[in-house]
1. What value in Å³ per residue do you get for the convex hull of the alpha-carbon atoms in segment 79-147?
2. In this model, which of 277/480; 276/379; 5/34 are farther than 21 Å apart at the alpha-carbon?
3. Once the mean 1/r over all distinct Cα pairs of segment 199-303 is inverted, what Kirkwood radius in angstroms do you read off?
4. List the pairs from 264/409; 109/191; 252/458; 191/376 whose alpha-carbon separation is above 21 Å, in the order I gave them.
5. Please work out the ratio of the alpha-carbon Rg of the chain to 2.2 N^0.38 Å and round it to two decimals.
6. Using only alpha carbon pairs under 8 Å that are at least six residues apart, calculate the relative contact order of segment 406-485 and give it in whole percent.
7. P(r) for segment 1-143, please, calculated from all Cα pair distances in 10 Å bins and given in %.
8. How big is the equivalent ellipsoid of segment 441-485 along its three axes, where each semi-axis is √(5λ) from the Cα gyration tensor, reported in whole Å from largest to smallest?
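Computed from the coordinates by the stated procedures, all read-outs in this text should not be read as laboratory data. Keep in mind it's a predicted model, so treat the numbers as computed, not measured. Every residue, glycine among them, receives a Cβ derived from its backbone with ideal geometry; neighbour counts consider all protein chains shown.
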Amino acid sequence: MTFQKLTIQEMRQKLISGQLTSVELTQGCLDRIKATDGQLNAFITVCEEEALAAAAEADQQLAAGNAALLTGIPVAVKDIFNTLDVRTTCASKILDNYVSPYDATTITKLRDQGAIIVGKLNMDEFAMGSSGENSAAGAVRNPWDTERVPGGSSSGSAAAVAAGQVVATLGTDTGGSVRQPASHCGVVGLKPTYGRVSRYGVVAFASSLDQVGPVAGNVEDCALMLGAVAGYDPADSTSVDCPVPDYLENLKAGVSGKKIGLPKEYFIDGLDPDIKKGIDAAIETYRQLGAEIVEVSLPHTDYSVACYYLIAMAEASSNLARYDGVRFGARQDSGDGLNGMYQQTRSAGFGDEVKRRIMLGTYALSSGYYDAYYLKAQKVRTLIRQDFQHVFEQVDMLLTPVAPTPAFKIGEMVNDPLQMYLSDIFTIPTNLAGTCAMSLPCGFSEDGLPVGLQLIGKPFAEAEMLQAAYAFEQATDWHKRAPEL
Ligand code: GLN
């Protein structure tokens, strides 16, 4: 039996009513992974035994009438979340055999809600990339066209949901890594406000930008997953102590009377015609749903990519210093002393993109260049954040494209890192500003590739943003299409 077409809520009803057991559902999910992952490479580790054992346990809970939000529902997480007893590789050779001694807070929360974790998803190494190609476990392929990338860095998180391998996943978003792959794979992905979800136990890339975010096949499931993982965590000093609303409660509130801003800097000449078509139609749909559409300006948008790549690389160079073969990392040592061991470990363990970033980040932080690069980027970041503050005095949310083009071909950009960095041009500013944003399907290209729409909400206004997303989804049926595999 296949369960790929069911939503979380439908699975939940069937489990509670006894029409379906968690063992059946989990087995169905494992079978689907077996049948399709040869084509996609979305998983790094599949935890078959652990998942089936947890499913049997969930069935007992269900029989006893104890159903939490996700009891018995199989999900998967990016291989950047620390999981007790199952390796966490970050798609890097340097962590190939790393097993964390504890669960990330978000993993604990998923388990507390009864979710079954069926595996760890492929990604760009240390979440650095926009295509899923920078992985020691090999590239992930887009389920809509396996010659194309699924986007990145949460490549497996998006591809697995699009292919019906699992109903929902967790990814991380530092500069667009949940939203851009969600867009390329035709699924829903959400980056919460910085501080909304705990980062404890998530391998750090750029600590002032990283956020955990859910990916799902529809807005309601995405809202449910966000509710399951959101909230203050004393173990993460950057998590914010403010109440988590019930994201499902007012999901159907609609957008009538809401003011939606179109930042003119995002609607540049030369936008890919397929993207433009999808976004223009989405704007029209929102108008018909009763929203007021106004043009606004985020004047410092042009500096976002440069600013992001300075800050992200600087933070990465510092965060990745811990992989030295002593505390973490697969040690390489041919007996040349401590410095030789460091050098061999890091040379053998990191891939090209990670090395490039460590070198550029170290340079930007070095004495004499710190003020010119890192400090200046921090000042520009403040200007970008202020742009959003000003705009949110005029409108309730923003609507923009997610990516400048639909999914590109595997190999097309690997030798042009700058061009690759530009694919995040529309997603990066919200990470710099710290506000929430999400991606949802709004059409298909001439070639049959998904096109995504980005909504950007005020800080901690995920509920309002989800309402607008839900209203759009109800008015369209893009999310109902599925790739054939
Ligand atoms: N693609 C961006 C980068 O390479 C964003 C990555 C992310 O959000 N983790 O840095």
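1. Looking at segment 79-147, the number lands at 102 Å³ per residue.
2. Long pairs (Cα-Cα over 21 Å): 276/379.
3. Numbers: mean 1/r = 0.0578 Å⁻¹.
One decimal place: 17.3 Å for the Kirkwood radius.
4. The answer is 264/409; 191/376.
5. 0.92
6. 23
7. That works out to 12, 39, 34, 13, 1, in percent per bin.
8. Details: eigenvalues 121, 26, 15 Å².
The equivalent ellipsoid of segment 441-485 has semi-axes of 25, 11, 9 Å.
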